[in-house]
1. Residues of region 116-239: accessible area per residue at 1.4 Å, in Å²?
2. Which of the residue pairs 51/135; 113/135; 113/138; 135/224 have a Cα-Cα distance greater than 27 Å in the structure shown?
3. With point charges of +1 on the Cβ of Lys and Arg and -1 on the Cβ of Asp and Glu, referenced to the Cα centre of region 166-239, which listed residue (181, 229, 203) lies farthest in the positive direction of the dipole?
4. Among 50-57, 214-221, how do they line up from the highest to the lowest mean number of other beta-carbon atoms within 10 Å?
5. Residue 48 accessible area, nearest 10 Å², 1.4 Å probe?
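The values are calculated or read from the model by the stated rules, or taken from the named source; none is laboratory data. The model shown is predicted, which means the values in this text are computed figures rather than measured ones. Backbone-built Cβ (ideal geometry, glycine too); neighbour counts: all protein chains shown. All accessible areas refer to the heavy atoms of the entire protein, side chains included, with ligands and DNA or RNA removed. Shrake-Rupley method; radii C 1.70, N 1.55, O 1.52, S 1.80 Å.
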Amino acid sequence: MSADGVDVVTVLKVKLCGAIKLRKDPTISAKTLRSATPRKPVSAVSARKIKDNAADWHNLILKWETLNDAGFATANHIANTKISLLSENKMELESGSLASNEDAEKMHSGYSKELEMLCEKLQVTLDGLTKIQVKMEKLSSTTKGIYELENYHYGEENKRPPLFHTWPTAHFYEVSRQLSNMYEQELRLKYSIAEELAHTTDHDLTLSYLSLWLHQPYVESDSKLLLESMLLETGHRAL
């Protein structure tokens with residue numbers, strides 16, 4: 001106890017507690033600042049991913065078209081080989097065929113090996129198209145995930161700004177879904193064509209198969225418009 005009645009020990013305790021609080025305050029403030037530091041906005045992450053997806057769509061469709069052309073060339077070769085074989089068989093029957101059975105077997109064996117190699121080549125093309133279509137499905141699924149994530153963060157559609165110019169995220173998903181469905185159906189058709197092409201003996205039916213492969217009826221005429229619109233919206237095409 002001091003002369004003026006103040007307990008020195010009590011004063012020291014008060015000062016010591018104050019010093020401890022002061023030493024702790026900077027640490028608490030740093031933690032508060034770190035927790036308050038804003039993360040990268042969800043919209044920025046979504047926009048980056050959507051833009052990447054649009055570029056991927058463009059590249060995948062280009063690869064599809066290249067393989068489609070290659071597949072048509074192979075399918076056309078198969079058709080021509082079949083037509084030649086059928087024509088020779090018909091001519092032999094009509095002329096009474098002076099060729100021996102052994103010669104005929106050799107000729108047919110040669111055609112069979114050629115057809116087999118061509119069919120294997122067409123299957124390789126189909127495998128490539130299948131890989132592309134699987135990647136298209138993943139793009140559609142990714143876009144759906146982005147849309148659902150934004151729904152979780154923002155709720156109602158009218159409460160969020162567009163990622164780029166005018167399209168809401170839901171429209172990106174809708175376009176991706178439409179494109180994915182088109183190419184999925186087209187791939188199924190091509191598998192059917194490949195299966196039937198090597199077995200049909202009808203000339204007109206063979207030409208129909210070739211036409212279907214080339215013109216891709218399930219890839220609708222507005223598919224290019226959908227793709228170009230998406231590239232324009234995301235900045236891959238100049239306005």
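1. 58
2. Working: 51/135 16 Å; 113/135 34 Å; 113/138 38 Å; 135/224 18 Å.
From 51/135; 113/135; 113/138; 135/224, over 27 Å: 113/135; 113/138.
3. Farthest towards the positive pole: 229.
4. Values: 50-57: 19.1, 214-221: 13.8.
Packing order, densest peptide first, comes out as 50-57, 214-221.
5. Here the accessible area works out near 120 Å².
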